[in-house]
Amino acid sequence: MEIVAFQSVTLALVLGVSSYVLSRRFKIPAILFYLFAGILMGNMGFKLIDPESLGNGLHILLEIAIAIILFEGGLSLTSHSFKSESTAIRRILFITLPLTGLGAMVLAHYLLDLPWQYSLFFGTLIVVTGPTVIGSILKSVYLPRRLEILLNWESIWGDVIGVLLSAVALEIVDLDLSEFGVKIGGIFLLRIVSGILIGIVSGYLLSKILHWITDIRDSALFGIVSLAGAIGTFYFANVVLHSSGPLAAAVSGFYLSNTKEEYLHDIRHFKDQVSSVFISTMFVLLSALIDPLPMIHLWPMMMLIGLILGGVIRPLSVLIALYRTSVPFAERLFAGIIGPRGIIAVATASYAAIMTTGHQAEMSIILNLTFAIIFFSGVVATVLCRPLARFLKLLIPVSQTGMLIVGINPFTSAIAEFARKYISVSFMETDRTKCLLASHLGLETICTDLLDAGIYEDAVEEGFGRILAATRNDALNELIASKAAIHLDPNKVFRVPDHNDSESIRMVASNIQNIAFGKDFALTSIAEKFRTQDATLKVMEPAEFNETGAIPLFEITNKGKGLRVVLQGEDVKNSACCLVIKPS
């Protein structure tokens, strides 16, 4: 049995990580790859993965995964993003989720003949959308910032609410419904209070510990300590009051997120890697549990429930919740249609199927129904997210996003003057004298510490989706690009080479491959030519700059409403802003 257990975990790990790599390669939510791998190797397929061979170990792994996911989710949220869309977020959480759960409960009862207790349990666990799936979508599709905030907050706190409610509903399975009122309501409130208090205390203590270990000057410690803190918080909260751990873990992460400390980017980077491994492995393991053949006669009805839930109840509940808010109708409709379920729903259903006794038939139906809805909603989200965003005119091309230019010099001043005719542009600089000079020239400037992780988060929230590192130091450009790539898609981070600081070049190995304007570009010498007016910028057609030898810097896209940074060896098909150097 131990060999089978080890084989199951190993295969799940390898297939899970492979699925994650494929999802990043093809920009498709990984959930579909996880489901396919688990089903193929599990009970329904080759039977090489047997989750039941792990015994109680599967339950332990589930709880660790939930702790890590929700702690990381809390870390990704900020009070600033909540304040900007607080009304819409509250309505999504307190109107959309209950309406969705109520609809799911009614469908399960009347279409599958599940008793009300089991239907209630299903309704509570299926309200969650899942940060892992939403995160994949937001990485592959660039949407208006307000919509991203709504989807992100719903996915994190919806998971927490779903876990709390489903834990309470699971207790109702063994209770008479007449006991539901005061007893169950009191337990739910206690779990909320306990989870919040323990989460705040844990976040505070963890922040003090992390601040204390900064003197050791080992960045790897921040991730390790925070991981231990997340799991410890989850465990302690569950010991104090069963099922309050998920809320405590999320609150602890949220508390840390709002400290704005420099070590947060190290924690997020470490947590992202760990959670990816755990999520990948657990999703494949849980998918292997599915064996629909014994209840194949119920699957048409299960798919019908998924269709009604995702195509009618979810969109209507979102439209009702966001009625008369500042959220445009197109964004409401997108949020309503794109609501994929994730690993928390699977984990909750699997946990119930494993831990409950005497209800195997009903729990097996709920587990299969949960997977049916996850598969259905995952396919819809994967197939429709980009076309739907384009149809609703919500898809924002990368070339239309705002750009932060790091470093003020004659060359960057010239390109900022040109670029702001097409996109939002702002400078980032540490030298206050340069900041004042740029302000006097009418250029928007953020005077800040360029290595402050918080500034990049704020920049994203302000709509600046790209960063161009263009100081006169290659090492600093590489460092800034590496820092920014943690908070932005690395494909949206660019750096301009200098080549005049040869010592810096030897010090830094290039990890950011988006080298703007070509590897032979020498920023310092070009900036000097702009200072002496021996270089200029000119809009030219491809044939012109191919003949004259001018260097294309920005391709003008989207009928004059966007700019694309030209990289080494890229073809330019439209008119472009070109660097023209006057002959000596």
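The numbers here are math on the coordinates, done by the rules we state, and not lab data. A quick note: this is a predicted structure, and the numbers were derived from the prediction, not measured. Here the Cβ is made from the backbone with ideal geometry for all residues, glycine too, and neighbour counts use every protein chain on show.
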Length released on extending from Leu319 to Gln273, taking residue separation times 0.36 nm less the Cα-Cα span:
13.0 nm
Return the whole-Å distance between the Cα centroid of segment 205-272 and the Cα centroid of segment 388-421.
35
Order these peptides, 10-17, 371-378, 525-532, 343-350, by their mean beta-carbon neighbour count within 10 angstrom, highest first.
343-350, 371-378, 10-17, 525-532
The chain, Rg to Rh (Cα coordinates; Rh as Kirkwood inverse mean 1/r)
1.02
Trypsin sites (Lys or Arg not before Pro) restricted to segment 1-78 and DSSP loop, no more than 15 other C-beta within 10 Å:
Lys27, Lys47
Quote to one decimal, in nm, the extra length available between Thr357 and Asp431 on full extension: 0.36 nm per residue of separation minus the C-alpha distance between them.
20.0 nm
Please report the relative contact order for the chain, taking Cα pairs under 8 Å with a sequence separation of at least 6, and give it as a percent rounded to a whole number.
15
Based on DSSP H runs of at least 4 residues, each adding -39500 (n - 2.57), what is the mean residue ellipticity at 222 nm of the chain after dividing by all its residues, to the nearest 500 deg cm²/dmol?
-19500 deg cm²/dmol
What full-extension length gain, to one decimal in nm, is calculated for Leu197 and His242 as 0.36 nm per residue of separation minus the Cα-Cα distance?
14.8 nm
What translational D, rounded to a whole number of µm²/s, comes out for segment 247-298 from Stokes-Einstein when the hydrodynamic radius is the Kirkwood one over Cα pairs, at 37 °C and 0.692 mPa s?
234
Per the Kirkwood formula on distinct C-alpha pairs, the Rh of segment 301-372 is how many angstrom?
13.9
With +1 on each Lys and Arg Cβ and -1 on each Asp and Glu Cβ, and nothing else charged, work out how big the dipole of the chain is about its Cα centre, in Debye to the nearest 20.
1400
Check Leu567: other-chain or 5+ apart residues with amide H under 5 Å from its amide H, H built from backbone geometry?
Phe517
Restricting to lysines and to Cα separations under 20 Å from Lys434, and discarding same-chain partners fewer than 8 apart, the set is Lys529
Which of the lysines could a cross-linker bridge to Lys83, judged by Cα under 28 Å and excluding same-chain residues fewer than eight apart?
Lys139, Lys208, Lys260, Lys271, Lys393, Lys483, Lys492
For the ranges 150-163, 220-233, what's the packing order if you count other beta-carbon atoms within 10 Å of each residue, average per peptide, and put the highest first?
150-163, 220-233
What list of ³J(HN,Hα) values in whole Hz, one per residue of segment 523-532 in order, does the Karplus curve 6.51 cos²θ - 1.76 cosθ + 1.60 (θ = phi - 60°) give from phi, with Gly and Pro shown as x?
4, 4, 5, 5, 4, 5, 5, 5, 5, 8
